[in-house]
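Since the structure comes first, as C-alpha cells, the remarks are kept for the end.
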C-alpha cells in the first residue's frame, strides 16, 4: 500500500512539472500567465482521466502478475503429482477429521438444547438400593406432580415401538409416548398443527399423534395437508394433529418418529409397582436444583410411608437435563477436541515439512532466479502462492470429507452439522491458521536463499 501511494504521488508530480514547463514555454511565446496556464491544461487534457488510466494500468499489471504466478504454481504442482497428492491427502485427512470432531463437540457441549430456557429443565428418576436412576410408576408420577411445589410443570415419557399399517404392509416404527403437557414442559411449539391438549392422555380421549420433521419428510413427502390425516398404529386409528420443528430432538427418547400420549387404561398404569416411565420437569423461577432434589426426596419419603409394600427404599433423584444427556462423556469429548486440534497441527507441520524439502530441492532454480534479477519479494510470493494453492485444495477436499464424517456422527448425536454458523466460523479461523503455517515457512525459506552461495554449492 505504501509503494502504491508513492508511485501515484510521483505520477502526480510529473503531471504538475509538465504543466509548469509547458506554461513557461507559452509565456515566452508571448502569452500571459493565465492564458498560458489555460492553454497548457487544454492541450494536456483531463488530469483526472490521466490519473485514472495510470491507476487502471497498475491494477492490470498486478492482476496479470497474479494470474501468471497462479498458472506457474499449478504447473509446478502438476509436474510433481506424487508430492502434490501426498501433501493434499495429509492436509485433507487432518482437516476433515478435525472439522467433523469440532462439529460433534459443538453439538454436544457448546450448543444449548433446543428448548426454552434449557438450564431450567431437569430429569426425574426413582432410586433404590440398586442404583440412582430408575423408572417411575404412573401412580408415583401423579403423586409427585400433585405434591411438589418446586416445578412449574412435570411430564413423563417412555420409548415405544409401534406397528404401522402401510400400503406395503405392516412396518415396525420407532416412537415415544408422553404425557399431554410434555412439549409445553420443554417449551416447544409444533411446526404444523397443534400440541397435545390437556386430557388427551386420559382413557376417554381419542388417539392423536405428532410426527417428527424427519418422519414427515421421509415417509409422507412433506405433505402440507398431513394434519388431520389418520394412521393405524398397533391396530388403533390415530389422528395426526401436528409436526414437530425441524431442529427438535430429545436424546433420551431418540430416535422416535411417532409421538403419542401415554396409555393409562392398562393394568400397568393401575399398579404402583409397575415402573416404566421417566420424568422431565421445569424448575420454578428462583428454585435451585439442590432445593428441588431435597423436596422430591421428602415427597418420596412420604410415599414410602404411605405405600410401604411398593415404595420401600425408593427415593427421588433430580438431575439437570443437560448433565443427563451429556453425562460422563464430557471428559471424553474434551479429549477428542484436544486430539482434533493436535491432529490438525500435525497435518499442517507435515505439509510444511514437505514444502520445505521441496524448496531445498529447488535451491538451484531459486538461485538462478535471484541471479537473473528476481527480487526476494517476488520469490517469496511465488512459493507462497504455490503452497497456498496446495493448502486450498487440501482444505476443499477436507471440507468435503468432513461432511461425510459429520453424517456418520449424526447417527451418534442429533444436531451434528458441519455447516452451521458457529462451526463454520471456528473452522475458517483454524483453516486460515493451518494454511498460513503450511505456506509461510517454505516461502520464507525460499526468499532467504543466497544466489551466489547456492550456485557455488552446485
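Numbers for the structure displayed
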{"item": "Conditions (1) modelled with pLDDT under 75; (2) within 30 Å of residue 81 (Cβ to Cβ); (3) in contact with a helix residue (DSSP H, G or I) (Cβ under 7 Å, 6 or more places away or on another chain): number failed by residue 433", "result": "(3)"}
{"item": "Selection from region 127-145 of residues that are farther than 29 Å from residue 244 by Cα and either in contact with a strand residue (DSSP E or B) (Cβ under 8 Å, 6 or more places away or on another chain) or modelled with pLDDT under 90 (or both)", "result": "127, 128, 129, 130, 131, 132"}
{"item": "Looking only at region 88-119, and only at residues there that are touching a helix residue (DSSP H, G or I) at 6+ places or on another chain (Cβ under 6 Å) and under 24 Å from residue 284 (Cα atoms), the one that is modelled with the highest pLDDT", "result": "115"}
{"item": "Out of 143, 161, 198, sole residue that is surrounded by 14 or more Cβ atoms within 10 Å (Cβ to Cβ), over 28 Å from the mean Cα position of the chain (by Cα) and at negative phi", "result": "143"}
{"item": "Failed criterion for residue 193 (all others in (1) within 26 Å of the chain's Cα centre (by Cα); (2) on the phi > 0 side of the Ramachandran plot hold)", "result": "(1)"}
{"item": "Tally of residues being modelled with pLDDT of 90 or more, over 28 Å from residue 204 (Cα atoms) and out of contact with any helix residue (DSSP H, G or I) (no Cβ under 6 Å at 6 or more places or on another chain) across region 249-294", "result": "11"}
{"item": "Criterion: farther than 18 Å from residue 171 by Cα and under 24 Å from the mean Cα position of the chain (by Cα) - qualifying residue of 253, 214", "result": "253"}
{"item": "Options 180, 174: the member that is part of a loop (DSSP other than H, G, I, E, B) and either touching a strand residue (DSSP E or B) at 6+ places or on another chain (Cβ under 8 Å) or surrounded by fewer than 15 Cβ atoms within 10 Å (Cβ to Cβ) (or both)", "result": "180"}
{"item": "Residue in region 228-236 that is touching a helix residue (DSSP H, G or I) at 6+ places or on another chain (Cβ under 7 Å) and buried (at least 19 other Cβ atoms within 10 Å of the Cβ) present", "result": "no"}
{"item": "Residues being out of contact with any helix residue (DSSP H, G or I) (no Cβ under 7 Å at 6 or more places or on another chain) and assigned to a helix (DSSP H, G or I) - total across region 120-148", "result": "6"}
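The values are calculated or read from the model by the stated rules, or taken from the named source; none is laboratory data. Just so we're clear, the structure is a prediction, and the values are computed from it rather than from any experiment. All Cβ positions, glycine included, derive from the backbone under ideal geometry; neighbour counts span all protein chains shown.
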